Amino acid sequence: MEDCVDSLGPAHCVSPQDVIDTYYAAEGHFYQLECDLHLRHMESNQTITWTKDDNRTLDVKKDRIEMRENFLWFLPVELPDSGFYTCSSGTKMTKMNLLVMSGHCPSQSADKIFQKGTTKKISCGQEHIFSIDEKAEVNWLKECKTMNFHEKHIRLFNVTERNAGKYTCQINFIYEQRRYTASRTILVKIKNEPILFKPKIIRPRQETVQVEPGFKTELNCTVFIGMSESAVNEMLVYWTFNNSFIEQYESKQLLQSQKLVKRENNKMYVVSILSVMKVQPEFFLIPFCCIATNPVGKDVGQVQLIPASPRSLCTYIAICLPISVIAIVLTICFFFKVDIVLTFRRLCCILSKKTPDGKLYDAYVSYIYGNLPCTSQVEHFVTQVLPEVLERRYAYKLFITGRDNLPGEAVHDTIADTIKKSRMMIIVLSAVNLSDLVQVESMNQDQPRFEQQIGLYDALIKDNLKVILVELDKNVDYSLFPESVRYIKKKQGAIRWRQNRGDAMAAPNRHFWKLLRYHMSEPISSLTIPWHATDNRDAIV
């Protein structure tokens with residue numbers, strides 16, 4: 001041993017005086033020793049040799065002991081297997097002590113120190129066993145007493161002193177048609193005082209920040225300090241500039257704020273802020289350093305200020321300003337689309353002249369009428385409210401069934417001819433039931449059915465007539481109406497009228513009239529008569 005010479009230097013040779021790791025195994029259980037010789041540096045023709053105690057070469061061809069790559073398997077391990085084992089390859093070697101114990105639970109092979117109040121996880125390890133048998137069964141014991149827990153990991157929430165003790169993970173698996181048990185024990189210790197970690201600066205590591213001279217800027221230093229808030233008492237975070245403490249530059253308006261503590265995913269961070277109240281040219285290209293230190297270690301982060309390019313600032317403004325303007329315009333157009341369209345129409349009628357389209361009526365109004373309570377509301381709306389607003393206030397010319405057709409006229413011919421002379425059709429609907437419709441038809445034998453009043457589905461399609469549905473009630477049953485009405489409802493929806501007392505233009509129906517006029521075109525009178533002669537409208541758009 002003393003004459004051993006390693007190609008990597010004498011420090012890599014193992015002598016009997018070196019510290020040797022001790023491993024614990026339970027009698028009758030599967031166990032493996034690992035030879036850690038940095039195998040990736042080995043030559044292809046080199047092999048591993050195992051010896052025990054007096055340098056006696058092990059016979060790894062026995063049924064109970066096998067050598068697998070850099071592992072030595074015991075299938076199973078027995079009390080006489082205790083002793084010192086050495087694995088070597090060429091001039092490299094490592095030595096370990098195996099202690100086989102009687103009983104089901106070996107002594108601890110690892111220690112875990114957990115902070116009180118935290119959430120921790122104990123892992124079973126020995127993942128190589130699951131590659132041997134994917135269906136291997138796990139059983140956890142505490143102080144060698146079963147816990148009836150069979151997962152690979154134990155998670156301890158809000159750790160207390162009761163969680164301290166020896167945890168043994170036993171894995172039952174099958175290898176070459178024989179059943180084996182592997183065991184590993186972890187000793188868990190609980191500490192009340194904070195466990196200190198070496199500080200780690202998350203940001204900045206080494207950064208440059210573009211700033212405008214004369215403006216204020218802030219530099220943030222975020223440091224990971226551990227898992228407990230009390231660890232902040234052991235942490236010192238401070239700034240330096242040009243290798244001098246920042247307090248020396250208070251006259252330059254460099255101010256370090258108080259440390260802020262924040263928690264993310266059970267991890268504690270300290271944030272220190274350096275405020276540069278007014279960026280001066282002498283601050284450029286000189287390192288500002290954030291230094292975090294505690295009894296465990298130290299970390300340093302660095303940031304440099306550089307002047308912002310005027311060209312880049314102009315480019316930023318040139319890009320962002322039009323985008324902001326477009327976004328504002330689109331928002332305004334979305335919320336005030338109706339008002340914008342109505343205003344645009346009024347301006348077009350003032351500034352330009354349009355050729356008449358040969359129509360006599362702006363709209364043909366169709367509805368169910370009769371001497372029944374269910375139709376009185378509709379009839380009042382069509383014969384009183386609509387003319388009051390559309391005809392008197394906005395100069396629209398309407399043809400209203402039952403009001404404008406002459407006695408003795410052929411009903412079907414009148415409807416077909418009038419629809420052709422109308423620019424659009426307004427259909428007013430209310431919440432009627434089937435019995436109401438039947439009663440209306442029985443009482444009005446001389447009146448056309450509702451399907452005929454709206455000009456039939458063919459007329460709507462062939463003449464490409466624009467139609468607006470107006471609902472006077474919330475619950476209109478469209479299944480009672482013709483297919484043409486259901487088609488229009490599905491295609492373009494309907495405008496809802498809200499019952500109110502007093503002025504029909506008052507809230508909440510002011511928006512209703514705007515929508516109705518939005519779907520209609522400018523009145524025929526505005527095409528043939530000067531605007532000032534026909535405009536008896538209110539100021540409401």
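The values are calculated or read from the model by the stated rules, or taken from the named source; none is laboratory data. These figures come from a predicted structure and were not determined experimentally. Cβ: placed from backbone, ideal geometry, glycine included. Neighbour counts: every protein chain shown.
Below are the figures for this structure:
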| item | result |
| --- | --- |
| Failed condition for residue 46, given (1) outside any loop (DSSP other than H, G, I, E, B); (2) at pLDDT below 85; (3) touching a Gly at 6+ places or on another chain (Cβ under 8 Å) | (1) |
| Residues of segment 102-115 that turn out to be surrounded by 15 or more Cβ atoms within 10 Å (Cβ to Cβ) and part of a strand (DSSP E or B), as a count | 3 |
| Subset of segment 138-185 [more than 41 Å from the chain's Cα centre (by Cα), within 20 Å of residue 120 (Cβ to Cβ) and in a loop (DSSP other than H, G, I, E, B)] | 143 |
| Close pairs (6 angstrom Cβ cut-off, 6 or more residues apart or separate chains): in contact (Cβ under 8 Å) with a residue 40 or more places away in the chain and closer than 30 Å to residue 115 by Cα in segment 211-226, basic (Lys, Arg) and surrounded by fewer than 19 Cβ atoms within 10 Å (Cβ to Cβ) anywhere | 222/203; 224/200 |
| Residues (farther than 22 Å from residue 380 by Cβ, among the β-branched types (Val, Ile, Thr) and at pLDDT 70 or above) located in segment 419-439 | 419 |
| Of all residues in segment 479-491 being assigned to a helix (DSSP H, G or I), touching a residue at least 24 places away in the same chain (Cβ under 8 Å) and not β-branched (Val, Ile, Thr), the one that is surrounded by the fewest Cβ atoms within 10 Å (Cβ to Cβ) | 483 |
| Filtered residue count, segment 151-180, keeping only those that are buried (at least 19 other Cβ atoms within 10 Å of the Cβ) and among the β-branched types (Val, Ile, Thr) | 3 |
| Criterion violated by residue 504 - all others in (1) closer than 21 Å to residue 365 by Cα; (2) assigned to a helix (DSSP H, G or I); (3) at pLDDT below 80; (4) of a type in the set (A, V, I, L, M) satisfied | (2) |
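One line per residue, one yes/no per condition, for (1) surrounded by fewer than 16 Cβ atoms within 10 Å (Cβ to Cβ); (2) in the same structural domain as residue 33 (by TED's automatic domain parsing); (3) in contact (Cβ under 8 Å) with a residue 40 or more places away in the chain:
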| site | (1), (2), (3) |
| --- | --- |
| 65 | no, yes, no |
| 72 | no, yes, yes |
| 75 | no, yes, yes |
| 87 | no, yes, yes |
| 90 | yes, yes, yes |
| 96 | no, yes, yes |
| 117 | yes, no, yes |
| 122 | no, no, yes |
| 127 | yes, no, no |
